[in-house]
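First up is the structure itself, then whatever we jot down about it.
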Amino acid sequence: RGAWAVFTVLAWVSLTVAVILAGLVFAAVGGRQLTTAARNLTEEVANSILAAVIVWIGVPLAAGLIMLTLVGIPFGLGVLIVVLPALFLLGYITTGPLLGGAITGFFRKKQPGDHPYLAVFLGLLILQLVLIIPVLGWLVVMVAGLWGAGGLALVAYRAARGRTAMPSGLPIERVEPT
């Protein structure tokens with residue numbers, strides 16, 4: 001019993017450190033995209049929820065259909081085993097600055113190019129602390145990951161379509177094909 005308790009505490013601490021580090025790397029590399037995706041969650045609630053529903057129903061359905069062919073089995077499995085969990089993690093990381101930004105006042109600034117390091121750190125730490133709560137913690141984590149992935153999908157969709165601004169007028173980074 002004592003060894004199990006030590007293991008769970010160490011697992012939680014190591015996962016918390018890993019998630020916070022991943023969030024800080026995301027903030028360093030894609031600060032504007034992370035900020036835009038986090039803003040989408042509150043400024044465009046319906047669109048981000050719709051994007052989340054499309055992603056979390058459409059992508060597994062498409063992967064399943066692709067796996068109907070022999071050639072598509074490895075691709076479909078790759079999507080289900082690698083892409084969807086990575087998208088969930090990125091969605092979870094996206095909700096961190098939303099929560100942390102509400103505490104630090106990050107989103108009241110009109111400088112979309114800033115990197116939200118403190119907001120990411122605080123938000124993800126709070127989400128990880130909520131994760132400790134039985135049942136409620138897992139529900140919050142599921143909503144955070146799914147909803148955050150919707151915000152990211154919305155940013156990716158707009159970047160692919162070449163739109164340079166959100167409806168609120170805040171700029172998003174245009175991604176040029178290489």
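The values are calculated or read from the model by the stated rules, or taken from the named source; none is laboratory data. No experiment lies behind these values; they were computed from the predicted model shown. Backbone-built Cβ (ideal geometry, glycine too); neighbour counts: all protein chains shown. The protein model used for the area step is the full one, side chains on, heavy atoms only, and it has no ligands, DNA or RNA in it. Shrake-Rupley method; radii C 1.70, N 1.55, O 1.52, S 1.80 Å.
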Please list the helices of the chain that count as membrane-span-like by this rule: a mean Kyte-Doolittle hydropathy of at least -0.5 together with Cα atoms stretching 18 Å or more along the helix axis, each helix being a complete DSSP H run. 2-29, 84-104, 117-131, 136-161
Per its Cα gyration tensor (rounded if a/c is under 1.5, else prolate when a/b beats b/c, else oblate), the chain is best filed as oblate
Sequence of Ile133, Ile103 when ordered by accessible area, the most exposed leading, probe 1.4 angstrom: Ile103, Ile133
Of every hundred units of 1.4 Å-probe accessible area on region 1-160, the number belonging to carbon and sulfur atoms, as a percent, is 82
Distance in nm between label sites at Val53 and Leu118, each 7 Å beyond Cα in the beta-carbon direction? 3.8
I'd like to compare 148-158, 76-86: which one has the highest average count of other Cβ atoms within 10 Å, and what's the full order after that? 148-158, 76-86
In square angstrom, what is the accessible area per residue of the chain with a 1.4 angstrom probe? 57
Using Cα pairs closer than 8 Å and at least 6 residues apart in sequence, work out the relative contact order for the chain, in percent. 32
Based on Cβ point charges of +1 for Lys and Arg and -1 for Asp and Glu, what charge dipole magnitude is obtained for region 1-134 about its Cα centre, in debye rounded to the nearest 20? 220
Using the Cα centre of the chain as origin and beta-carbon charges of +1 (Lys, Arg) and -1 (Asp, Glu), tell me which of His115, Val141, Val19 is placed farthest towards the positive end of the dipole. His115
